[in-house]
Amino acid sequence: MAVIQKYGKNCDPDLVCHKENHTSDKIGVPGCHKKWPEQSTNWSRPVARVWTVVLLLGTCLLYCARVAMPICAVSMAEQFNWSKRESGMVLGSFFWGYCFTQVFGGYVSDRVGGEKVLLLSAAAWGAMTAFTPILAHFCSQPIFSMTLARFLMGLLQGVHYPSLASLCSQKVVESERGFLMSTVGSGSYLGTLVIGGAGSLMLDLYGWESVFYVSGLLSVLWAYCMWKYLLKGEGPIITLESLGSGGSQSKLSKRHWLRLFKQPAVCAVIITHLCTASTFFTLLSWLPTFFKDTFPDAKGWVFNVIPWLVAIPSSLFSGCLSDHLISQGFDTASVRKLMQFFSMGVSSVFTLLLCSTTTFPWAVAFVSATMGLTTFSHSGVSVNVQDLAPSCAGALFGVMNTCGAFSGVLMVYFSGYLIEATGSWASVFALITTVNLLGLCTFLAFAEARRVDIDTTKTRYNNVHI
């Protein structure tokens, strides 16, 4: 485990030179630690708090719209006479679309601003969600229209997290990024709980169409309020000219992407995020089946709700803890490693305990601890990419998330094979622990928090303008 050390006032001059709120046209020259005349683009603390709440709600609605189809899938399959294979095709098409826009969304966000990409995408996937029932009823082949709709939903929602990473790296100071990302990340758990409860109620009372109408219209309303009150009604127009307005930054990206991927710290965050996403998707996909097989008489709402109720405060706590440690002068890289140790190391202990669990309460307790500790990655590897490459954090996070999504799908399938081949859930939990430890060891060995997206041998560097 990483040893946390305070750096005090005599910190690494490179870290001082490259802090985001000290933007400069000169890099690596004497006196680089002084403030330059340009105004900082970082949000003030009150503004950052407002954006945190808004982005939390946005992420919550993102998951409400995303989970609407899985909740309604059974009712829709009965109405349209879908087989299990056809239902799986509809549900799985989302993830293929989700993989393809990660890098593109981050690339665009790095150049025109993450808030613009978030706004446009939310309006688009919100409208798509609201129109889903119409497409289902008015298309002669609902299976094809729903598969296409879910694929487009994946494309539109794939830009969300890379845009968040880009926005956070450009607007939030280092010592407050952990709280923002962990708080916004908890919106995914909140959204899953909200749509699971309210969506199931609407499904029973008003039919499956109501779930799509409400979640879609609320998402469009959120996008409108964000445009009206936070962006002050400014047009979120993204043109080809604006995409190329990064000029030198675009050239720098082309010239240094290969050098960036050769950095051990960059490879470490990609591998660690890949491992984190794979194990999370596997747990998310197979835990309900594990409880059904092991405890067939157990109440479903208990193991479907309690772990997420634990995950929300756990995610918030990890963000507050990491930011507090950094503000107290502890080394940023060591804090990121500590958070990841809890996320992948300590959580694996509780995962292994599931192998010998004999009672339902203990199983729920161990799963809740596992899911709660997993959220600490929001203050670890998820934020570390912003430490390493704030100028291209969105695109780099897109690469990480694409790798994580693909590996997650593969690991879910492989876990199913292990269950059938061995007839034991212990093999799946052992696989999850092994992958977690692989990612953790990589992160502890190679992770850093200094900027690697700039060439310190050059004497000139042009800022990114959003």
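The values are calculated or read from the model by the stated rules, or taken from the named source; none is laboratory data. Values in this document were obtained by computation on a predicted structure and should not be read as measured data. Neighbour counts are summed over all protein chains in view; Cβ atoms, including those assigned to glycine, are modelled from backbone coordinates with ideal geometry. Only protein heavy atoms, including side chains, enter the accessible area calculation; ligands, DNA and RNA are left aside. Shrake-Rupley method; radii C 1.70, N 1.55, O 1.52, S 1.80 Å.
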Nitroxide proxy distance, nm - points 7 Å out along Cα→Cβ at residue 135 and residue 427:
3.8
Residue 358-residue 301 FRET efficiency (beta carbon distance; Förster radius 22 Å; 0.05 resolution)
0.50
If you roll a 1.4 Å probe over the heavy atoms of the protein chains, what accessible area per residue do you get for the range 254-465, in Å²?
40
Accessible area in the full protein assembly, largest first, 1.4 Å probe, for 160, 324
324, 160
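Cα-based Rg of the range 44-234 per 2.2 N^0.38 Å, rounded to two decimals? Write out the running numbers ahead of the final one.
Working: Rg = 16.9 Å, N = 191, 2.2 N^0.38 = 16.2 Å.
The value comes to 1.05.
In the range 44-234, carbon and sulfur make up what percent of the accessible area (probe 1.4 Å)? Could you put the intermediate results ahead of the total?
Numbers: 5390 of 7590 Å².
Answer for the range 44-234: carbon and sulfur cover 71 percent of the accessible area.
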The range 66-83 - phi-based ³J(HN,Hα) in whole Hz, Karplus 6.51/-1.76/1.60, Gly and Pro as x:
6, 8, 4, 5, x, 5, 8, 4, 5, 5, 5, 5, 5, 6, 9, 6, 7, 7
I need the peptides 163-169, 228-234 ranked by packing, meaning the mean over residues of other C-beta atoms within 10 angstrom, with the highest value on top.
163-169, 228-234
Longer than 26 Å from Cα to Cα, which of 171/228; 84/299; 116/337; 171/337 are they? Say none if no pair is.
116/337
Lys/Arg +1, Asp/Glu -1 at C-beta; the range 44-234 dipole; positive extreme among 58, 182, 72
182
What is the sum of charges around residue 44, taking Lys and Arg as +1, Asp and Glu as -1, for the other residues whose C-beta is under 12 Å from the C-beta of residue 44?
+2
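Tell me whether the range 115-166 comes out rounded, prolate or oblate; compute the Cα gyration tensor, take square roots of the eigenvalues as a ≥ b ≥ c, and use a/c under 1.5 as the rounded threshold.
On the way: a/c = 5.22, a/b = 2.44, b/c = 2.14.
Prolate, because a/c is 1.5 or more and a/b exceeds b/c.
Expressed in nm to one decimal, what extension gain is obtained for the pair residue 417 and residue 200 from 0.36 nm per residue of sequence separation less their Cα-Cα distance?
On the way: separation 217, 0.36 × 217 = 78.12 nm, distance 3.11 nm.
Net length gain for the segment: 75.0 nm.
May I ask you to derive the FRET efficiency for residue 346 and residue 79 from their Cβ-Cβ distance with R0 = 51 Å, giving the value to the nearest 0.05? Intermediate results must be reported in sequence, preceding the final value.
Values: r = 45 Å, r/R0 = 0.89.
The formula returns an efficiency of 0.65 here.
Take the Cβ-Cβ distance between residue 294 and residue 259 as r, set R0 to 51 Å, and report the resulting FRET efficiency rounded to the nearest 0.05. Numbers along the way, then the final one.
On the way: r = 50 Å, r/R0 = 0.97.
Computed FRET efficiency for residue 294 and residue 259 comes out at 0.55.
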